[in-house]
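> Before I ask anything, here is the structure I am working with.
The values are calculated or read from the model by the stated rules, or taken from the named source; none is laboratory data. Predicted model only: the values in this text are computed from it and were never measured. Every residue, glycine as well, gets a Cβ built from its backbone with ideal geometry; the counts of neighbours run over all protein chains shown. These accessible areas exclude ligands, DNA and RNA; they are computed on the full protein's heavy atoms, side chains included. Shrake-Rupley method; radii C 1.70, N 1.55, O 1.52, S 1.80 Å.
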Amino acid sequence: VQLQASGGGLVEPGGSLRLSCADPGRTFSGYGVGWFRQSPGKEREFVAAINWSGSSTGYADSVKGRFTISRDNAENTLYLQMNSLKPEDTAVYYCARSRLSTVVTGPQHYVYWGRGTQVTVSS
């Protein structure tokens, strides 16, 4: 399984980015998926998750109201729209597929991980 995250880059504070995660192996179908991030010296942390159908989502408090997770099941693609970015959002962002169909926040429930895409928020 190879999940392919893309869309990262350098953006100024207050800017926006849209991350994508392609699933060429079509493993997303029927499962919850999510985004995590990791900064140097810190543990990987939950960012957002969405259930199998896209009808339910969950967010970390730190990104609530600024980030939006969505999925296109026909295209087997996961998205993360990030608005009002802050320097503390700087991290490598990973997409992942869980073993469950619901929204899950714990990384222990995720079985497949993408390689990550770097997001840097700086002026």
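> Which one of 104, 92, 63 is in contact with an Asp or Glu (Cβ under 9 Å, 6 or more places away or on another chain) and β-branched (Val, Ile, Thr)? Can you show your working first?
On the way: 104 fails: in contact with an Asp or Glu (Cβ under 9 Å, 6 or more places away or on another chain); 92 fails: in contact with an Asp or Glu (Cβ under 9 Å, 6 or more places away or on another chain).
That would be 63, the only listed residue that is in contact with an Asp or Glu (Cβ under 9 Å, 6 or more places away or on another chain) and β-branched (Val, Ile, Thr).
> Here's a check for you: in the range 1-48, which residue that is touching a Phe, Trp or Tyr at 6+ places or on another chain (Cβ under 8 Å) and among the aliphatic types (A, V, I, L, M) is surrounded by the fewest Cβ atoms within 10 Å (Cβ to Cβ)?
Among those residues, the one meeting the criterion is 1.
> Ok, one more. Given the conditions (1) in contact with a strand residue (DSSP E or B) (Cβ under 7 Å, 6 or more places away or on another chain); (2) at pLDDT below 95; (3) farther than 19 Å from residue 11 by Cα, report the number of the one that residue 116 does not fulfil.
(3)
> Sticking with this structure for a sec: Please return the ranges of strands (runs of 3 or more DSSP E) entirely within the range 49-123 where 2 or more residues are open to solvent by 40 Å² or more (accessible area, probe 1.4 Å).
Values: elements: 57-59, 67-72, 77-82, 91-98, 110-113, 117-121.
In the range 49-123, 57-59, 67-72, 77-82, 110-113, 117-121 are the strands (runs of 3 or more DSSP E) which contain 2 or more residues that are open to solvent by 40 Å² or more (accessible area, probe 1.4 Å).
> Now for a different question. If the requirement is being of a type in the set (Val, Ile, Thr), under 15 Å from residue 23 (Cβ atoms) and within 12 Å of the chain's Cα centre (by Cα), which of these qualifies: 57, 77, 105? Break it down stepwise before answering.
Values: 57 fails: under 15 Å from residue 23 (Cβ atoms); 105 fails: under 15 Å from residue 23 (Cβ atoms).
That would be 77, the only listed residue that is of a type in the set (Val, Ile, Thr), under 15 Å from residue 23 (Cβ atoms) and within 12 Å of the chain's Cα centre (by Cα).
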